[in-house]
Amino acid sequence: QVQLVESGGGLVQTGGSLRPSCAASGRTFSTYTMGWFRQAPGKEREFVATINWNGGSTYYADSVKGRFTISRDNAKNTMYLQMNSLKPEDTAVYYCTARLLGGWPGRSPSEYGYWGQGTQVTVSS
């Protein structure tokens, strides 16, 4: 059982940065593949990035590649999403997610079994 809690969203101007984090429960956190998805109003949940169990492999959506960096600190049971050069189209609720089993890289929400409640990111133009 994994419990996930996001924090660190907020309001930022175009070109700014935010670094949401996701705190996870459980001493087996290090065995899970983790990821970030986002969902804008009226749209489907969209893949953002994923990171494997030890942080050695990452994968990004084309829309954020080069601007966002996913990372994890297993000793702290925490995952991060460094978001730079933010654009208005990045505005969404950002969700952290986790899974124990599945293929790589895993870009569909249906492939993940655990979800946080989300943190709002708003980028003003």
Taking the Cα centre of the chain as the origin, how large is its charge dipole in debye, to the nearest 20, when only Lys and Arg (+1) and Asp and Glu (-1) carry charge on their Cβ atoms? 180 debye
Value in Å of the Kirkwood radius, where the chain supplies the Cα pairs that are averaged: 14.3 Å
With point charges of +1 on the Cβ of Lys and Arg and -1 on the Cβ of Asp and Glu, referenced to the Cα centre of the chain, which listed residue (V93, W115, P41) lies farthest in the positive direction of the dipole? W115
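Every read-out reported here was derived from the displayed coordinates using simple, explicitly stated rules and does not represent laboratory data. All of these numbers come straight from a predicted model, not from anything done at the bench. Glycine gets a Cβ as well: all are built from the backbone with ideal geometry, and neighbour counts include every protein chain shown.
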